[in-house]
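Where a number appears in this text, it was derived from the coordinates with a stated rule and is not lab data. Everything numeric here is computed off the predicted structure, so don't read it as measured data. Here the Cβ is made from the backbone with ideal geometry for all residues, glycine too, and neighbour counts use every protein chain on show.
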Amino acid sequence: MMDLLRKHTKAIIYVVVVAFVATGALVYLNTPGTKSGAQQEAYAQRFDKAVATVNGEEIPYQEYAYQLQGYLRQYQNQIAPNQVVGLKANILDNIINQKLILQEAKKNDIKPEITDEDVQAQLDQVIDYYASSKEEFEEIIKKNGQTIEDVKNTIRENMATQKRIEAMLDSVKDNIEVTDQEIAKQYEEVTASHILIKTDDKEDAEAKAKAEEVLAKAKSGEDFAKLAKEYSEGPSSSRGGNLGSFTRGRMVKPFEEAAFSMEVGEISDLVKTEFGYHIIKVTDKKEATGKEFEEKKEEIKEKLVAQKEKEAVNNWLEEVRDNAKIVIEDKEIKAFDAARNGNLETAINNYKAAIANNQGAYYLYHNLAQIYQMNGNQEEAISTYQEAIENYPEQVDFYVSLADLYTKDEKFDKAIEVYQTGLSNNEDNAELHLSLGDAYRKQDNNEKALEEYETFSKLAGDDLMAQYRLANIYSQMGLEDKAKAQMDKVKEIQSKQQEAAKQEREESKKEETKEESAE
């Protein structure tokens, strides 16, 4: 799991910098106001402290909050409570990257020129986006104590920042070249089959001996597909070892190198990879020649250039970060950072401190419980969710997570008890009724399961996907009559929604016609 977190963080470096460049123009309107749901959760911090420092330069909490709010607006209702800290950590990573790039731009004396025409063009776009006229826009910003000149100044600052970032990144991407050989390699394709003898469930010598025995049969002319079906321990064995066609970069390196070096019809010697011993047979090859290749060369080149640019920026920024002094002040993010670096005890201590200091950050209980699970401490994870439920009985996710822990240990009675407690505090929550039904089903108590499913259906109303889920459940239970009746209900809801959408389109057309007539 730690590896996944590290890979995810590295992967976003380039993306988030580009995202900042692309969307920074509207940041000045992201002033904190009334928030709900995930927004309230994410803002449960103080504005009077720096969230981090980068080479001595502070990142004010307010600057961080502006960018955070932008993401929350974009992905409203898509952020689960247990994802809040990860989102906050990634956004802070973005800002740290921005600061580092800007600091490097300053060292390189990059000073972009922003003309009045540039600012006005951006202002016109913003006005079109937020209002129907300049006058209406002025009224909107007036409520925030701003004038058009204030907005222009902010636009100028943001554009200058964006251009500094663009110029710095452009300098990093300078002199990137793609050779004809690289283009050819990217185009080439191999169609192959293989026989895999795994090493994860047997001694290496035993696996190798078995692979050599099968290799001798293949080399002597026995049917390769039949051998694969009989001996291969890979998922392709049922297909006679057929892997289909693949380009470079799709297979592990030793396998790729062997396959692309072979001729059509050739059978390889043993190829050792992390999975075991492979015997490869190449059945077809697509060479980098002919009309199709010539037509695709430019497209392939563009993709390779983009890939190299991304790698160049990632590598450069990683080096800059390694040489920077970055201090995270926010305890939530310190905890998340410690967890993804494998320092679980530090993560636990920081999450506990963050919970104690911030009663609004209920979502942290999810992260703390997950760390205990990663640490193999199931009892502490259970205690964490129990404390969370006691403090925040209205948060349905805690009941579901605690019940899941009991279910994994096949303690179905305890899981049912948790769901019942949840429903005593959240009687009309459809998902809890569905989960309780699932728990009863695991106990083979279909009568009670069906009662909960019926309640779920009533509470779900015209939620198409919820009703469809229930149809699948009935089908899995072998209740074909109920499944059919439920699918009829789904079709009825779908028909109503389609009719409503049709009426809405017709009303919209009528309004457009009226407007055209008035003009």
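Before moving on, here are some points about what is shown:
- Ranked packing of 478-485, 354-361, most packed first, by mean Cβ within 10 Å: 354-361, 478-485
- Global form of the range 330-392, assessed from the alpha-carbon gyration tensor, a/c cut-off 1.5: oblate
- Put a plus charge on the Cβ of each Lys and Arg, a minus charge on the Cβ of each Asp and Glu, and nothing anywhere else: the dipole of the range 330-392 about its Cα centre is then about 180 debye.
- Per-residue extension of 0.36 nm, minus the Cα-Cα distance of Phe246 and Glu345, leaves a gain of 31.3 nm for this segment.
- Once both labels are positioned 7 Å from their Cα atoms along Cα-to-Cβ, the gap between Ala167 and Ser132 label points is 4.2 nm.
- Report note on the peptides 382-389, 443-450: ranked by the mean count of other C-beta atoms within 10 Å, highest first, their order is 382-389, 443-450.
- Candidate values (1) 29.6, 86; (2) 22.1, 74; (3) 25.2, 73, label of the one derived for Rg and Dmax of the Cα atoms in Å: (1)
- For Lys296 and Glu177, the FRET efficiency from 1/(1 + (r/R0)^6), where r spans their Cβ atoms and R0 equals 22 Å, is about 0.70.
- Residue order, fewest to most beta carbons within 10 Å, for Val214, Val190: Val214, Val190
- Listed by number, the DSSP H helices of the chain that run 27 Å or longer by alpha-carbon position along their axis and have mean Kyte hydropathy of at least 0.5 are 2-23.
- Overall form of the range 50-126 per C-alpha gyration tensor (a/c, 1.5; a/b vs b/c): oblate
- Inter-probe distance in nm under a simple model that places probes 7 Å from Cα toward Cβ, at Asp150 and Gln497: 4.3 nm
- Candidate cross-link partners of Lys325 among the lysines, defined by an alpha-carbon separation under 23 Å and a same-chain spacing of 8 or more, comprise Lys7, Lys10, Lys49, Lys88, Lys99, Lys106, Lys107, Lys334.
- Among 73-85, 105-117, sorting by the average number of other beta carbon atoms lying within 10 angstrom of each residue, highest first, gives 73-85, 105-117.
- Here the gap between Glu206 and Asn357, fully extended at 0.36 nm per residue and compared with their Cα-Cα distance, gives a gain of 48.6 nm.
- Cβ-Cβ FRET estimate between Thr421 and Asn377, R0 fixed at 30 Å, reported to 0.05: 0.85
- Under the simplified labelling scheme, the Gln307-Glu266 pair shows an inter-label distance of 2.3 nm, with each label point 7 Å from Cα along Cα→Cβ.
- Centre separation in Å (Cα based) which lies between the range 421-442 and the range 101-173: 50 Å
- Exposure proxy order (Cβ contacts within 10 Å, fewest to most) of Arg239, Arg505: Arg505, Arg239
- Calculated mean residue ellipticity, 222 nm, the chain: -22000 deg cm²/dmol, from DSSP H runs (n ≥ 4) at -39500 (n - 2.57) each, averaged per residue and rounded to 500.
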